[in-house]
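J.: Here it is, the structure, as structure tokens.
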Amino acid sequence: MTKKTIPDRKDIPDGHKWDLTPLFDASDSWEALFTEIEEEISGYQKYRGRLGESASALSEAIQFHLSVSRRIEKLYTYAHLKNDEDKANQLYMGLFQRAANLYTRSAELASFVPPEIQSIPDETMQLYLSDAALAEYRFFLEKIIRHKPHTHNEQVEQILAMSRDATQAVSQIFGQLDNVDLKFGTIVDEAGAETELSHGNFTTFLIHPDREIRKKVFHQYYKTYDDHKNTIATILAYANKKDHFYARARNFESCRSASMFVDDIPETVYDNLIRTVRDNLNPLFKYLNFRREFLGVEKLHFYDTYVPIVPDVEFQMAYEEAVDICEKALEPLGKSYVLTLKNGLLGSWVDRFENRGKRRGAYSSGCYDSPPYILMNYEEKNINSLYTLTHEAGHSMHSYLSIQNQPYVDYEYTIFVAEVASTFSETLLSHYFLDYYKDDPKMKAYILNREIDNIRATLYRQAMFAEFEKITHGIIEQNQPLTLEVMTAEYRKLLEAYFGNTLQIDPELELECLRIPHFYSPFYVYKYATGVSAAIALADKVIKEVAPAREAYLDFLKLGGSRYPLEELLAAGVDMRSSAPVEKAIEHFDSRVDQLIELIDK
């Protein structure tokens, strides 16, 4: 019997790994910069009590602060990327902890900056904002001033800054447990091959044509979570409590209002999303009922919801071929865009394949002084890997264009717009495939099925996740216990609401709420759903209008973090303050479902 195991990091060829030398060419370079910053951060003291002296004094202090922040980001980026290569590597775990600690100490020493800026009289600040010395920092200052009702005196701000390192423990503990310590056993397929089950290949197994294998994988995977459910539930409960602590400390009415205030997103955007999705579940029910009928099963289970409806389509795509497809799909964005992207994806941006201890999932990450790196766990037999690569490529090009067009102070865009760029790229990929396979009904149906499942996962599923986050934080805010039993009971109610009678809900699925990494970072998931809604609207504009819409979209990416996200999207041509983009996305989903049903019926 052959056995396929997850390779160790040392067994991955260098050409398949990202190249971090643009950050640091050797560990002693990292140490040198770390020491330099450690010695320099005491320099904050010379600005204490002087920020209101003059526009030039304030400008000098901001320049010092941004210089420190920029270099700490460089240290932190390198450390977290190395740490994510192998969570069991103690050397890089140590670097990561030191970088995080340095960030916390710097934040402590800089904690006087916001309250001191906010104490400058309004009339004086207006004069400062019109001074050429502060022209580049206007938006930076306006954001600080806006936080005045939620900022305390210097002593309290210092304590809050000091607390950050300790309160991040919950997400770090979950990350270590989930990525390193949890083991899922092995799976034997129909050919007798034995494969180690992991986060990386779980969804690949869920598209396996053999239902018994899918069923075994599902139950075996969740058995591990069941064995640790009390511990993980406690971690999640304290993640919610941490959010509640900071919301109260910052004088916000709720955890959600605290989270959304930073981006100037009205809570009505969140509520509109959930309400609109809740009011339009019938297209989802129609699709799931069709899936059940076509698969010929009496009851549809979760492990039946990923396998392609179109049978006998063998997907196999090497990484290099996936890059080629990604390039072709994104051609509407222009030659310069796709050439830059291709060079990055085939060059040094991407850490391509799974290895033991590597952080699961995928992301795009970097800093102002690095390439926009991508972590992947690419699976050649899973079309989702192609879509994930295209998704992360959207993030990375957003970062690339932002850095090329914005100063450091304004380059960092918010997650709210980040998820637009990524899902926009996925939308163009589906459009490319549907055109490419227009004369091949079987492949066209396969791609329609994939796009439908992607929107289902990004819009409906993330809206359900968003509602779960709202509920669990509300329980904590009402001083009620958030136990394992409470979590799973609330999650089951949502599963029953969002799936109706179309899905047989296995008890193990109630544990899904424990394993979603974004639940340990508050109010992130709703941005996937709003992001895909905006992306579908913008992609439709680019496809139909070509040049004008393309330039507007690229200009949107170049804005980086120089405006609030709703303003940036409005400039690109979509208004997320209304429910219209979400409704349009649901109409698009419904249309794709009808096309799939019609094509298969023929």
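J.: If each DSSP helix of 4+ residues adds -39,500 (n - 2.57) and the sum is divided by the residues in the chain, what number results at 222 nm, nearest 500 deg cm²/dmol? Working shown, then result.
T.: On the way: 26 runs with 371 residues, N = 602.
Roughly -20000 deg cm²/dmol at 222 nm, from the helical runs in the chain.
J.: Treat the count of other C-beta atoms within 10 Å as a stand-in for reagent exposure and order H147, H208 from fewest to most.
T.: Ordered by Cβ neighbours within 10 Å, fewest first: H147, H208.
J.: Kindly express, to the nearest 10 degrees and within the range 0 to 90, the angle between helix 547-558's C-alpha long axis and the longest C-alpha principal axis of the chain.
T.: Compared with the principal axis, the helix lies near 50 degrees.
J.: Suppose we look only past 21 Å in the calculated P(r) of the stretch 303-437. What percent of the Cα-Cα pairs does that tail hold? Let's see the in-between values first.
T.: On the way: 3808 of 9045 pairs.
Here the tail beyond 21 Å accounts for 42 percent of pairs.
J.: On alpha-carbon atoms, Rg over Rh for the stretch 1-60 using Kirkwood Rh? Provide the component values of the computation, followed by the final result.
T.: Working: Rg = 22.9 Å, Rh = 16.5 Å.
Dividing the radius of gyration by the Kirkwood radius yields 1.38.
J.: Can you give the charge dipole size of the stretch 3-167 about its Cα centre, rounded to the nearest 20 debye, using +1 on the beta carbon of Lys and Arg and -1 on the beta carbon of Asp and Glu? Walk me through the numbers before you get to the answer.
T.: Details: 20 positive and 27 negative charges, 121 e Å.
That gives a dipole near 580 debye.
J.: Expressed as a whole percent, how much of the Cα-Cα distance distribution for the stretch 3-167 exceeds 29 Å? Write down the numbers at each step before the final one.
T.: Values: 4676 of 13530 pairs.
For the stretch 3-167, the fraction of Cα-Cα distances above 29 Å is 35 percent.
J.: Rounding to the nearest 20 debye, state how big the charge dipole of the chain is about its Cα centre with +1 on each Lys and Arg Cβ and -1 on each Asp and Glu Cβ. If you can, show how the numbers build up before the last one.
T.: On the way: 67 positive and 92 negative charges, 143 e Å.
In debye, rounded to 20, the chain gives about 680.
J.: On to the next question. Quick one: compute the contact order of the chain, relative version, from alpha carbon pairs under 8 angstrom and 6+ residues apart, as a percent. Present the calculation step by step, with values, prior to reporting the outcome.
T.: On the way: 795 pairs, mean separation 114.1, N = 602.
Rounded, it is 19 percent for the chain.
J.: Could you tell me the largest-minus-smallest coordinate of the C-alpha atoms of the chain on each of the three principal axes, in descending order and whole angstroms?
T.: 76, 51, 51
J.: Please determine, in degrees from 0 to 90 and to the nearest 10, the orientation of helix 526-545 with respect to the longest principal axis defined by the Cα atoms of the chain, where the helix direction is its Cα long axis.
T.: Once rounded, the angle reads 80 degrees.
J.: Taking amide H positions as placed in the peptide plane 1.01 Å from N, state which residues far from S365 in sequence (5 or more) or on other chains have amide H under 5 Å from it.
T.: Amide H neighbours of S365, under 5 Å, 5+ apart: Y373, I374, L375.
J.: Looking at P209, I232, S198, which one has the Cα that reaches farthest to the positive end of the dipole of the stretch 159-241 (charges on Cβ: Lys, Arg +1; Asp, Glu -1)?
T.: My answer, from the dipole projection, is I232.
J.: Using only alpha carbon pairs under 8 Å that are at least six residues apart, calculate the relative contact order of the stretch 129-251 and give it in whole percent.
T.: On the way: 55 pairs, mean separation 32.4, N = 123.
It comes to 26 percent, rounded to a whole number.
J.: Another question, then. Do you know the relative contact order of the stretch 8-92, to the nearest whole percent, from alpha carbon pairs under 8 angstrom that are 6+ apart? Intermediate values should be presented prior to the final figure.
T.: On the way: 31 pairs, mean separation 28.2, N = 85.
Relative contact order of the stretch 8-92: 33 percent.
J.: Among L559, L33, rank each residue by its count of other Cβ atoms within 10 Å, from fewest to most, as a rough exposure measure. Kindly include the intermediate steps, with their values, before the conclusion.
T.: On the way: L559 23, L33 17.
By the 10 Å Cβ count, ascending: L33, L559.
J.: Same structure, new question: Show me the trypsin sites (Lys or Arg not before Pro) within the stretch 419-455 that DSSP assigns to loop and that have at most 11 other Cβ atoms within 10 Å of their Cβ.
T.: Numbers: sites: K438, K442, K444, R450; in loops: K438.
Passing sites in the stretch 419-455 are K438.
J.: Could you tell me the extents of the stretch 220-365's C-alpha atoms along the three principal axes, largest first, rounded to whole Å?
T.: Taking the Cα atoms of the stretch 220-365, the three principal extents are 51, 50, 38 Å.
J.: For the stretch 554-602, count the residues as N, evaluate 2.2 N^0.38 Å, and divide the Cα radius of gyration by that value, please. Numbers along the way, then the final one.
T.: On the way: Rg = 16.2 Å, N = 49, 2.2 N^0.38 = 9.7 Å.
Its radius of gyration relative to the 2.2 N^0.38 Å reference: 1.68.
J.: If you add up the charges near K286, with Lys and Arg at +1 and Asp and Glu at -1, over every other residue whose beta carbon is less than 9 angstrom from its beta carbon, what do you get? Could the numbers behind the result be given before it?
T.: Details: positive: none; negative: D590, D594.
Residues close to K286 contribute a combined charge of -2.
J.: Another question about this same structure. What do you get for GluC sites (Glu not before Pro) in the stretch 89-191 restricted to DSSP loop and a cutoff of at most 15 other Cβ within 10 Å of the site's Cβ? Could you put the intermediate results ahead of the total?
T.: Working: sites: E108, E116, E123, E136, E142, E154, E157, E190; in loops: E190.
Answer by residue number: E190.
J.: Considering only L129, P114, Y47, whose Cα is most displaced toward the positive end of the charge dipole of the stretch 3-167, charges sitting on Cβ of Lys, Arg (+1) and Asp, Glu (-1)?
T.: P114
J.: To the nearest whole percent, what portion of all C-alpha pairs in the stretch 54-99 is separated by more than 17 angstrom? Before the final figure, lay out the partial values.
T.: Working: 475 of 1035 pairs.
Considering the stretch 54-99, 46 percent of its Cα-Cα pairs are separated by more than 17 Å.
J.: Taking the chain as the reference, fit the longest principal axis to its C-alpha atoms, fit the long axis of helix 580-601 to the helix C-alpha atoms, and give the angle between the two in degrees, 0 to 90, nearest 10.
T.: Its long axis makes an angle of about 20 degrees.
J.: Moving on. Along the charge dipole of the chain, Cβ charges K/R +1 and D/E -1, which of F285, C326, Y408 sits furthest on the positive end?
T.: F285
J.: Using only Cα atoms, locate the centre of the stretch 125-181 and the centre of the stretch 182-215, then give the distance between them in Å, rounded to an integer.
T.: With the stretch 125-181 and the stretch 182-215 each reduced to a Cα centre, they are spaced 44 Å.
Where a number appears in this text, it was derived from the coordinates with a stated rule and is not lab data. Keep in mind that what you see is a predicted model, and the values were worked out from it rather than measured. For neighbour counting, all protein chains shown are included, and Cβ atoms are generated from backbone atoms with ideal geometry for every residue, glycine included.
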